[in-house]
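The values are calculated or read from the model by the stated rules, or taken from the named source; none is laboratory data. The shown structure was predicted, so the numbers you read here are calculated from the model rather than taken from an experiment. Positions of Cβ are backbone-derived with ideal geometry, glycine not excepted, and every protein chain shown enters the neighbour counts. What goes into the accessible areas is simple: the full protein's heavy atoms, side chains included, and nothing from ligands, DNA or RNA. Shrake-Rupley method; radii C 1.70, N 1.55, O 1.52, S 1.80 Å.
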Amino acid sequence: MRISGPELFQYGAAVARELEVDIDTVDHVIPHQANGHLAELLGPYLGIEPRRVFVNADHLGNTGSAAIWLALAELRSTLAPGASVVALGAEATKYMFGGFCYLHG
């Protein structure tokens, strides 16, 4: 099964709910960083405010497989203790995808 753009995020949000992590209540979502416009596109799609979608591709560009880790490193410097983050990623062919939940200590 090939998963593309919206399906990736829909699937990721469903898995987060199964793990009792509600996208509506996490502080930030870090998507696959293909471009700098993902906050405007993904926020409404997930039903959350675009400001909660952390994107740094607008100033770093597409950094490939390091993108989510670079975004998390940048975001961590601004997080308060107890803040929660869900990351959703995919590799280039969109046959493999995954994510993780991060709780800032």
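What order, most packed first, do the peptides 24-37, 56-69 have when packing is the mean number of other Cβ atoms within 10 Å of each residue? Each step should come with its number before you reach the end.
Numbers: 24-37: 18.4, 56-69: 14.1.
Most protected by this proxy first, the peptides run 24-37, 56-69.
With protein chains left intact and a 1.4 Å probe, residues in the chain average 58 Å² of accessible area per residue.
Round to a whole number: what % of the accessible area of the chain belongs to carbon and sulfur, probe 1.4 Å?
On the way: 3500 of 6090 Å².
About 57 percent, which is the carbon plus sulfur part of the accessible surface.
To one decimal place, what orientation-averaged projected area in nm² is obtained for the convex hull of the Cα set of the range 7-65? Could you put the intermediate results ahead of the total?
Numbers: hull surface 16.1 nm².
It is 4.0 nm².
Note that the range 17-105 shows a convex hull volume over its alpha carbon atoms of 100 Å³ per residue. Test of understanding: given the chain, find the longest segment containing no GluC sites (Glu not before Pro) that are in a DSSP loop and have at most 13 other Cβ atoms within 10 Å. In the chain, the maximal stretch lacking such sites is 21-90.
With runs of 4+ DSSP H residues as the only contributors, calculate the mean residue ellipticity of the chain at 222 nm using -39,500 (n - 2.57) per run, divided by the residue total and rounded to the nearest 500. Calculated from helices alone, the mean residue ellipticity at 222 nm is -10000 deg cm²/dmol.
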